Each structure stands twice: as C-alpha cells, then as structure tokens.
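Data first, discussion second: the structure below is written as structure tokens.
The values are calculated or read from the model by the stated rules, or taken from the named source; none is laboratory data. Since we're looking at a predicted model, the values are computed, not measured. Here the Cβ positions follow ideal geometry from the backbone for every residue, glycine too, while neighbour counts run over all protein chains shown. Ligands, DNA and RNA are stripped out before the accessible areas are found, and what is left, the full protein with its side chains, is counted by its heavy atoms. Shrake-Rupley method; radii C 1.70, N 1.55, O 1.52, S 1.80 Å.
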Amino acid sequence: MADTILDKPERQRETQTRISVLLPLPFPGPLDYLAPADMVHPGDIVTVPLGRREEIGCVWDTQSAVPADFAPSTEPAIDIKRLRAIRSKQASTPLPQSLRRFIDWLAAYTLTPPGLVLAMAIRAYNAQAPRPHLGWVRGDAALTDLRITPARQRVLDSLGNAPRTTSDLAAAADASPAVIRGLAAAGMLREMPIPVSAPFGTPDPNFRTPHLSDDQESVATELRHAVDARKYSATLLEGVTGSGKTEVYLEAVAECLRQGRQIMVLLPEIALSSQWTDRFARRFGVQPAIWHSDLGGKRRRETWRAVSLGQASVVVGARSALFLPFPDLGLIIVDEEHETAFKQEDGVTYHGRDMAVVRARLANAPVVLVSATPSLESLANVESGRYRHLTLHARHGGAVLPEVALVDMRAHPPERGLFLSPVLTEAIDQTLERKEQAMLFLNRRGYAPLTLCRACGYRMECPNCSAWLVEHRARRLLACHHCGHTEPLPDLCPNCQAEGSLVPIGPGIERILEESRARFPDARILVMASDTLGSPQATAEAVRQISHREVDLIIGTQIVAKGWHFPHLTLVGVVDADLGLGGGDLRAAERTVQLLHQVAGRAGRAEAPGRVLLQSYLGEHPVMQALVSNDYRAFMEQEAAQRRPGFWPPYGRLAALIVSAATPEAADALARTIGEHAPQIPGVQILGPAPAPLAILRGRHRRRLLLRTPRNLAVQPILRHWLAGLRTASQERVDIDIDPVSFL
Ligand code: ADP
Ligand code: ZN
C-alpha cells in the first residue's frame, strides 16, 4: 500500500532510490518513498508527505521480520516514477536494528499494525532539537570607539569564562539589557551556546560493592558470566523475599557497566521506583534514568535522546521502556516477573515480561527474570530447559521467614458489622505494645464494594458497565472501577424510593480504616492505596514515614505487596484471604498465592521475626494450605498438574477475541458469525462465544471467544486466516488479546 498521489516532477529523480518508511499509523506495513541514493539508511527518522500532511516516520528494512503470510504482499509494487520523495532526514540517531526487529516481531505476534508499535517507540521523539541556550562572553573587538560608561564597565567586569544569559548578566551588572545589546553590536560581547549539564550521571560499578554471602556470591558469579558472554540467555532468579535477589542482580548490572554497555530494568509498577532508585544510588553513586508514561514531556525527550546516544547507561522503568532506542543493550532485568501488571491491556496488548525476553533475544543480550514467586510460565520454561534457574535459599543476615497462620472466621468471627476477628485485633494490640509495626492488607479500594437497598434488595449498579458501584465515603460518592463513572450516594433508593434504606455491604480499605480507628485509637495509621498515593513522591513519602517509625499501622491494597523493605514491620493481617479465588480466572489460585506470599514477605525482614494471619472461611483450600506450609513449589506443582492435561497455559496457547458492539443484538450477531467461521483444526479448540463477565463495559456490549491450541501450534496464522474475510460495521469491534491475562 503506497501513497500514489503524484509529486511535482523532480530533476534528480534518476539518482533516487525506493525506500520503505514505516509511519506511526495503522497501515498494514511501510509505505514506499523516494530518497537520494545513499542519503538515508534503515532506522533513520525522516519526514515524508502523506496526502496533504507531513508525517514523521522511520526508514524501514525492506527485508522485514514479518512472517510471509502477514506481509501485505498482494499490493502490486508502485511504479517508481509515481512515488513521492521524502521531505527531510532528521538529525537524530537512527532507531537501532534490534529495536526495529522487535517492533516487527511484536506487531506480528500481537496482530497489530506495525506502525502502531512504532508509535510507542517514537512517541517521545521530538522532531525539533531543543534550541541551545545562548549566553555572552567577551568579544574580540578592541576598546576603541565605544565610550565605556560605568554601566558598560560593570557588564564587562561581570563576564567570565562561562557564557551568561542576558538577564543573568543584566542582573549581575545592574545594567539594562539595552546596555548589553549595545556592547554586543560593537563587537565587545560574543554569543556562545551555554553547555547543558549532562542529565544523567555515570554510574560507578565500584562505588560501594557489597559483601555477598557464599550463596549470593555463587549466583552473582553466574550472572556476571551471563553478561560477559555477550549473547542471549534467559535466567530465572528465584529466592525468598529478602534473600538478596536485588543485591545480586545489581552485581550483574555492575558487570555490564564495566563493559560500558546499557542496562534496562523493568519494574511492574513505577510506584516502586523510588526505593529502587535510592538503593541504586547507594550502590552506584548516581541515580539511574527513569522511564514511565507519566514522565513530563521535556524529561521524556531528554531521556529518549540520552538512551539513543548511549549516555544513559541504566534505565529503570515500566514496560514501555522496552521501546527505547538502546544502541548497545547488554542486559535486561525483569523484577517481580510474576506480576500481572506487566501485561498491557489497552491499545497494543502485550506482556512486558514475555516481550522483554524477545527484546533480549533480538538484541543478543542476557535477560534475568526475578521473583520470590515465579509464574508458572517461567517455571515451565525452566523445566523445558529454555531458562536457566538460579536460586537464593535463605533470607539475608539470618532473618527468618514469617510464620503464617490461618484465622478460621467461622470459629472466631468478628463482631456484627465488623471485619476483623478478635484473634487478629489482639495480635495487633500485642504488636503495637512492643512498638513494632502492623499491616492490614485488603485488595479493595473504597469503603464498600456493594450498596444494597434493605427494603427492596436493589443493588447500585454502574449505568455503563455490568458492575456494582463502589462506595468511596471519603469522597462522598459511588464510583465504577471499570469506567470511572461516579455519582453521589442517593438519599432514596432509586428503585423503591425508600428513605435511608441503602446500606454498604462488605469492606473496602476505607471501612477497615474506620474500624481500626475505633479499635486502635492511639495508633498512627497510614493508608497505602493507588488512589491515595497518587504520585511516586507521595509513595516515597509514605515509605519514608514507615521506615522512620512515624507510623504504627499500615492499611493497604495490593500496592503494599510490592518489593518494599519495611524493617520494623512484624505483623501482617490479611483481611480477606479468600478474595480473588472466585471468578472464572485461570490463574486465580496462582495469583492469590503470589500476592499473599508477597504481602507476607513484607513482615519480619529485620531482626524481629514476622507473623502473618490470614482471615479465611476456606481453610482447607489448597491455596491456604500452600501459604501456611510456605511450600510455594508444591503448590505450583499441583497447579501444573491441573493445567497440563487440558493444554491450558503454559502447556498450551490462548488467544481471546473480544467482540463489542453498541447493542446486545449486534454483539450477539457478530459473535455468532465469528463462531460459525471458526477453524476446524485438530487439537484447536474454540470456547464460546459467551457473554463476557463484564458483559457491558463503558456502554458497549461484549462477547468473548477463546482460542486454545497445543503449544506447538501458533495462534497467529489461525487467527489471521479466521478473521481475514470478516466485515464489521462502524460500531462493531473485534479486539484480539494474545496470551490473555484478564478474562473480564
Ligand atoms: P530481595 O530482592 O530478595 O527481596 P534484597 O536484595 O532486597 O532481597 O535484600 C533484602 C535486604 O537485605 C536489603 O535491605 C538488602 O540491602 C539486604 N542485603 C541483602 N544481601 C546483603 C548483603 N550481601 N550485604 C548487605 N545487605 C544485604
Ligand atoms: Zn462503569
């Protein structure tokens, strides 16, 4: 598909060659343009005409990595005489080949137009190089014709070796800008660019080297070898919380720095970054570059450039860092690799962890996946020999793992209307008496997940989604956690008009806060939830307060489960350990164990031993048993045994088709049509169509189909073939989610 509008004839058309340019737009592939032979090369960023517009694009390889059945090869090649010429080549370092191949690979794997993947890579690219700031230094003209007034003298006296801006100089000399302009016109001042300070310092691999234990040292040695090999390898680094995984992988980072190469570290959530970057600075003497979607525009451009020039040697960031133009990537680390937050659900859907492995392979660099609770996917890759496995066996410095116990909620129920069992509240009392910290964990924001009319049984539901509205008492409203809809809590039941009949059902953390304030009136309480900790700074401040013992009781959602190091925390209470086990989610049990194991891992990280109490009605459930016995491995073996026979991931492959339309009838009709054209291939199973659990989302009606294949069959060609002839109306959509993580 090429732009066929004729350009004005150009004189040197003969010396021009045909090049491919990928534009950040949803076309099936690159477009053809003309450029002077030898002026542009793959990776160069260029501006090109498109219709009446001008677009920025990237010169693409003609031999791309796109599989043959995906390339839009049916288009006849456009006659070279009809091609338009590129407008200009940007003064920027080219996108490295390994990144271009990654873009092609990810596009083909996720069935996304490659231009939309390129868009993620060049979003931060600024066509306009920042204008250099200019300042004044002494000029070459001799002091002849110009009369030197006192003001002019003061200006001349204020000059130094480094250039000063007009306003700076005027202030220093107590003179007007006109005086400065006069001196400049006479040649007595000269303009010079002010050098910008390098935005990223150089980490020193030997700044403060740790003394590793024998166990740690042998793992570090293995990782250093992987870096020294300068080729692709994948390693799963497993070790209980607090065993020094971070300490050890920073040694691999140090080794890579010694080679002068670049390092990418992916974290599941950027809220985690402040503790991480401080730790990095203690080890290497400077802060690393940070990358995430909330970076300001200026900082984004600076970071992008510094990475592309090799000036930023270490980037820590969210999954979008995968698209940065590292010219010399020597190591990728994925910390907390089991986290589902690595999966991007909007726009281009991809799994950041899996794509990090691909990125490493295409850059021929080692990748290290790190977790205390590895995903079944990574364990299966270890088992099949695709990943190497390194393990740290004990907590560092003799800290012992916390003791985990169940609180049977049937035997020890809370008082009516409350949610904390006396067993748990008494344990908190004792902890606070010892001047240690306690934490209550509940993975549910707001005050109550459901508001019900006592008179007629009506439930407050979102008008746009099939979901209940969550009461947020502090903000005095009901909110939908799926579409963001909010409304005030009504006085009357909207259904039966009864007055004062609406009651909250079940707890969110605001309600646990209310109960805790009443039960522990002297405790200093801090709430940690994604909506109360809006910014990385707020998170950093909360962490500081906890570390400095300015807080006694922490109440939090899943954000507290991340890799925090809270040395004074000795008791963790899980308010509802059963939460998350319901629902038709393939990984519900795995995720619950991982999450609760991580929460438990926050306790007892220093000298005092930690204790974890799980409030549960399902004490016999394998998940609870796994947590109590602290036998993650045994649990994962059971999980594997359950998934293997049915070819569920990781022993088979899944792709989800999400059909959505403006009306339920249209959604049904489209889903049915797709279902009727389902491929008939031995071993391939189609599940559905069925209404999605979130059957209505943001006012759109949704149906789901699931494609399941054995591991040795790729889903992409099947899907392409299946959906090739499909026609959808303007209000209809089919979204494809390869390797789905969410089943809503
Ligand atoms: P993990 O990443 O496995 O949770 P960390 O690397 O965060 O473990 O280590 C836990 C704590 O122990 C941290 O405070 C860390 O600084 C400390 N630690 C681990 N190994 C060492 C070591 N060899 N020397 C000094 N402190 C260590
Ligand atoms: Zn909603």
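Which percentage, to the nearest 5, of the DSSP beta bridges contained in the chain is antiparallel?
For the chain, the DSSP antiparallel bridge percentage is about 55.
Name the residue from H548, S516, S535 whose Cα lies farthest towards the positive end of the charge dipole of region 503-568, charges +1 on Cβ of Lys and Arg and -1 on Cβ of Asp and Glu.
H548
Using modelled backbone amide H atoms (1.01 Å from N, in-plane), which distant-in-sequence or interchain residues come within less than 5 Å of G699's amide H?
Close amide H contacts, sequence-distant or interchain: C465.
Using θ = phi - 60° and the Karplus form 6.51 cos²θ - 1.76 cosθ + 1.60, what ³J(HN,Hα) does each residue of region 183-189 get, whole Hz, x for Gly and Pro?
After applying 6.51 cos²θ - 1.76 cosθ + 1.60, I find 5, 5, 4, 7, x, 8, 10 Hz.
What do you get for the angle between helix 632-643 and the principal long axis of the chain? Use alpha-carbon atoms, 0 to 90 degrees, nearest ten.
90
Using mean Cβ contacts within 10 Å as the protection proxy, how do 87-96, 734-743 order, highest first?
Details: 87-96: 16.8, 734-743: 18.5.
Per-residue mean Cβ counts within 10 Å order the peptides as 734-743, 87-96.
Can you bin region 384-439 into rounded, prolate or oblate? Criterion: square roots of the alpha carbon gyration tensor eigenvalues sorted a ≥ b ≥ c, rounded for a/c under 1.5, prolate for a/b above b/c, oblate for the rest. Write down the numbers at each step before the final one.
Values: a/c = 4.10, a/b = 1.86, b/c = 2.20.
In terms of gyration-tensor shape, oblate.
Under 8 Å for C-alpha pairs, at least 6 residues apart: give me the relative contact order for region 533-615, rounded to a whole percent. Mind showing how you got there, number by number?
Numbers: 91 pairs, mean separation 30.0, N = 83.
Relative contact order here is 36 percent.
Could you rank F520, F419 by how accessible they are, 1.4 Å probe, largest area first? Let's see the in-between values first.
Working: F520 10, F419 45 Å².
Listed by decreasing accessible area, they come as F419, F520.
With a sphere of radius 12 Å drawn around the Cβ of V628, what net charge do the other residues whose Cβ falls strictly inside it have (Lys, Arg +1; Asp, Glu -1)? Write down the numbers at each step before the final one.
Details: positive: none; negative: E403, D408, E620, D631.
Spelling it out: positives minus negatives among the neighbours equals -4.
With angles folded into 0 to 90 degrees, how steeply does helix 509-519 sit against the dominant principal axis of the chain? Use alpha carbons for both and round to 10.
So the inclination is approximately 60 degrees.
Packing-wise, with mean Cβ within 10 Å as the measure, how do 160-172, 614-626 rank, highest first?
Working: 160-172: 14.8, 614-626: 18.8.
Put in order of decreasing packing, that is 614-626, 160-172.
Quickly estimate the mean residue ellipticity at 222 nm for the chain, helices only: each DSSP H run with n ≥ 4 gives -39500 (n - 2.57), and the total goes over all residues, rounded to 500. Each step should come with its number before you reach the end.
Values: 19 runs with 212 residues, N = 744.
Value at 222 nm, helices only, nearest 500: -8500 deg cm²/dmol.
Could you tell me the number of lysine pairs in the chain with C-alpha atoms less than 27 Å from each other, where the two lysines are 8 or more residues apart or belong to different chains?
Lysine pair count for the chain: 11.
Hey, what did the chain get for relative contact order, percent, Cα under 8 Å, at least 6 apart? Before the final figure, lay out the partial values.
Values: 1449 pairs, mean separation 76.9, N = 744.
Relative CO of the chain lands at 10 percent.
Sorted by packing (mean other beta-carbon atoms within 10 Å per residue), highest first, where do 719-729, 299-309 land? Don't skip to the answer; put the middle values down first.
Numbers: 719-729: 13.0, 299-309: 19.4.
Put in order of decreasing packing, that is 299-309, 719-729.
Among the Cys residues of the chain, which have no other cysteine Cβ under 4.7 angstrom away?
When partners are defined as cysteine Cβ atoms under 4.7 Å apart, the chain leaves C58, C256, C483 without one.
If amide hydrogens are placed 1.01 Å from N in the peptide plane, which non-local residues have theirs closer than 5 Å to the one on L369?
Result for L369 returns T235, L236, L237, V334.
Quick one: how many Å² of R258 are accessible to a 1.4 Å probe, rounded to 10?
R258 has an accessible surface of roughly 110 Å² with all protein chains in place.
Show me, for region 218-234, the HN-Hα J-couplings you get by feeding each phi into the Karplus relation (A = 6.51, B = -1.76, C = 1.60, θ = phi - 60°), rounded to Hz, glycine and proline as x.
Along region 218-234, the couplings run 5, 5, 4, 4, 4, 5, 4, 4, 4, 5, 5, 5, 6, 8, 4, 7, 10 Hz.
Can you run phi through the Karplus equation (6.51, -1.76, 1.60; θ = phi - 60°) for region 523-534 and list ³J(HN,Hα) in whole Hz, with x for Gly and Pro?
After applying 6.51 cos²θ - 1.76 cosθ + 1.60, I find 6, 8, 10, 10, 9, 10, 9, 4, 8, 9, 10, x Hz.
Dipole size in debye (nearest 20) for the chain around its Cα centre, Lys and Arg Cβ +1, Asp and Glu Cβ -1?
Details: 83 positive and 80 negative charges, 389 e Å.
My answer is approximately 1860 debye.
Ignoring ligands, DNA and RNA, how do F27, F200 rank by accessible area with a 1.4 Å probe, largest first?
Values: F27 50, F200 20 Å².
Order by accessible area, largest first: F27, F200.
If you place +1 on the Cβ of every Lys and Arg, -1 on the Cβ of every Asp and Glu, and leave all else neutral, what size is the dipole of region 331-420 about its Cα centre, to the nearest 20 Debye?
Working: 9 positive and 12 negative charges, 55 e Å.
So the magnitude is around 260 debye.
Shape call for region 507-595 from the C-alpha gyration tensor, a ≥ b ≥ c root eigenvalues: rounded (a/c under 1.5), prolate (a/b greater than b/c) or oblate? The partial results should precede the final answer.
Numbers: a/c = 1.92, a/b = 1.46, b/c = 1.31.
Prolate is the answer for region 507-595, as a/c is 1.5 or above and a/b outweighs b/c.
Sorted by accessible area (1.4 Å probe), largest first, how do D157, D145 line up?
Values: D157 105, D145 140 Å².
Sorted descending by solvent-accessible area, the residues read D145, D157.
Taking K and R as +1 and D and E as -1, what net charge do the other residues with C-beta under 14 Å from the C-beta of A656 add up to? Please report the intermediate quantities before stating the final value.
On the way: positive: K343, R587, R653, R702, R703, R704, R708, R733; negative: E345, D585, D735, D737, D739.
Net local charge, A656 excluded: +3.
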